[in-house]
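Following: one structure in structure tokens, then a few remarks.
The values are calculated or read from the model by the stated rules, or taken from the named source; none is laboratory data. On a predicted model such as this, the values are computed, not experimentally measured, just so you know. All Cβ positions, glycine included, derive from the backbone under ideal geometry; neighbour counts span all protein chains shown. Just the protein is used for accessible areas: all its heavy atoms, side chains included, with ligands, DNA and RNA removed. Shrake-Rupley method; radii C 1.70, N 1.55, O 1.52, S 1.80 Å.
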Protein chains: 2
Amino acid sequence: MSKINIAVLVSGGGTNLQSIIDHIEAGNINGKIKVIISSKQDAYALKRAEKHGIEGMYIGKENFPNLKERNSRILETLEEKEIDLIILAGYMRILDENMVGKYKNRIINIHPSLIPSFCGKGFYGKKVHEAVLKYGVKLTGATVHFVDKGTDTGPVILQKSVEVKDHDTVEDIAKRVLGIEHEILPLAVKLFCEGKLKVVGRRVIVEK
Amino acid sequence: MSKINIAVLVSGGGTNLQSIIDHIEAGNINGKIKVIISSKQDAYALKRAEKHGIEGMYIGKENFPNLKERNSRILETLEEKEIDLIILAGYMRILDENMVGKYKNRIINIHPSLIPSFCGKGFYGKKVHEAVLKYGVKLTGATVHFVDKGTDTGPVILQKSVEVKDHDTVEDIAKRVLGIEHEILPLAVKLFCEGKLKVVGRRVIVEK
């Protein structure tokens, strides 16, 4: 089975990116990261790319001030590299609708809550965990899903829960959730690269 | 520590009621069920009451056609029996606002999802699990919470998750969720009866 060509889109430190790199280097994932695209010039994820000999690109407001041009440049890159799978690993931009349509069920995102709780517009980064604490739920978690035109509304691939403890801070929850993100994102990528994810309506079936 | 006087409000078969009766009879809960009130005359829960020598009452549309009178009769009963804790165990009626105000943080409900997912108006019984299947989430669960004026919006006491498997039916999910309802509802009641639940804003702290 030939390897799946992967592009990872990032905006920040890229610990989820690192978890995928590690699993690929360990031979657990039948894929190859062809390019890492960052929306921020100084994202540490670009340093990670360099360290691991992966092509890193900055495509952002400084070098492409016009949104349409920026999206075109990303789309061209994906086509040039013959990308099969796009992974959003803390990518803080809304994807172009064209791209979402073109890569239907081939764009994977990770969200730091148990969707459909604490997701959608306004729920990103720490804001998610702040809302979790404020609501007072006892469980939260992370969700890997395919990206559709909505915000965090696409078919769910994997979910895992963690406890919210009585005296947790936002940082405690963030750390605990990140731990499981690093489990379920590489696992979802692995399953995708083995051709085991089948989307039936809104349900994602894992084929044996 | 004197025993907590409990009223259980039901509408149906009462397997959650049974789980509480069992834990009380086993000596795990420092409480006594003084009355079981059913909104349906033929609810099997009333048979359970009889079997266990607990007073059972039908207060419903047939004997109290007027809603206001019905609510008054329930409230009077709670006062007569000096009830400290009200448990809604599959009670299919909206509680009177008066009662909710009077028994603030002393009414416990169980909901068959991970609140705030799949809860609120229209989400009851099988409808919850149908929505879970339709959405395609991989985790669902149950939530025990205090009742406030909203629908399923009160402070969360306990939550536990269960998997949704690839070929699950609504019945499969209902059965799996009911299994954990029978764990977390008696546990929440036990903690309440030991005076260990402290409500701080929307958060419920379990004191050691």
Out of the residues in the stretch A:91-115 meeting the condition of being under 12 Å from the mean Cα position of the chain (by Cα) and open to solvent by 40 Å² or more (accessible area, probe 1.4 Å), tell me which one is nearest to residue A:164 (Cα to Cα). A:92
Any idea which residue in the stretch B:147-161 is surrounded by the fewest Cβ atoms within 10 Å (Cβ to Cβ), counting only those that are modelled with pLDDT of 95 or more and facing chain A (nearest Cβ under 10 Å)? B:155
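Okay, residues lined up against (1) surrounded by fewer than 21 Cβ atoms within 10 Å (Cβ to Cβ); (2) more than 18 Å from the chain's Cα centre (by Cα); (3) closer than 17 Å to residue B:87 by Cβ; (4) among the basic types (Lys, Arg):
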{"position": "B:12", "(1), (2), (3), (4)": "yes, no, yes, no"}
{"position": "B:18", "(1), (2), (3), (4)": "yes, no, yes, no"}
{"position": "B:24", "(1), (2), (3), (4)": "no, no, yes, no"}
{"position": "B:27", "(1), (2), (3), (4)": "yes, yes, no, no"}
{"position": "B:41", "(1), (2), (3), (4)": "yes, yes, no, no"}
{"position": "B:51", "(1), (2), (3), (4)": "yes, yes, no, yes"}
{"position": "B:66", "(1), (2), (3), (4)": "yes, yes, no, no"}
{"position": "B:69", "(1), (2), (3), (4)": "yes, yes, no, no"}
Mind checking which residues of the stretch B:186-208 are crowded, with 17+ Cβ neighbours inside 10 Å and either β-branched (Val, Ile, Thr) or more than 14 Å from every other protein chain (Cβ to nearest Cβ) (or both)? B:186, B:189, B:190, B:192, B:193, B:204
With (1) in a loop (DSSP other than H, G, I, E, B); (2) open to solvent by 10 Å² or more (accessible area, probe 1.4 Å); (3) closer than 21 Å to residue B:124 by Cα as the list, and residue B:60 as the residue in question, which single condition is left unmet? (2)
Only listed residue being touching a strand residue (DSSP E or B) at 6+ places or on another chain (Cβ under 7 Å) and over 30 Å from residue A:132 (Cβ atoms), chosen from B:83, B:20, B:107, B:87: B:83
Residue in the stretch A:116-132 that is within 14 Å of chain B (Cβ to nearest Cβ), in contact with a helix residue (DSSP H, G or I) (Cβ under 8 Å, 6 or more places away or on another chain) and open to solvent by 50 Å² or more (accessible area, probe 1.4 Å) present: yes
Scan of the stretch B:133-145 for residues that are buried (at least 17 other Cβ atoms within 10 Å of the Cβ) and over 21 Å from residue B:16 (Cα atoms), ordered by number: B:133, B:135, B:136, B:137, B:138, B:139
Closer than 17 Å to residue B:34 by Cα and in contact with a helix residue (DSSP H, G or I) (Cβ under 7 Å, 6 or more places away or on another chain) - does that describe any residue in the stretch B:92-108? yes
Residue A:83 being farther than 25 Å from residue A:122 by Cα, surrounded by 14 or more Cβ atoms within 10 Å (Cβ to Cβ) and touching a residue at least 12 places away in the same chain (Cβ under 8 Å): yes
Please verify whether the stretch A:194-206 includes one or more residues that are within 16 Å of the chain's Cα centre (by Cα), free of Cβ contacts under 8 Å to residues at least 40 places away in the same chain and part of a loop (DSSP other than H, G, I, E, B). no
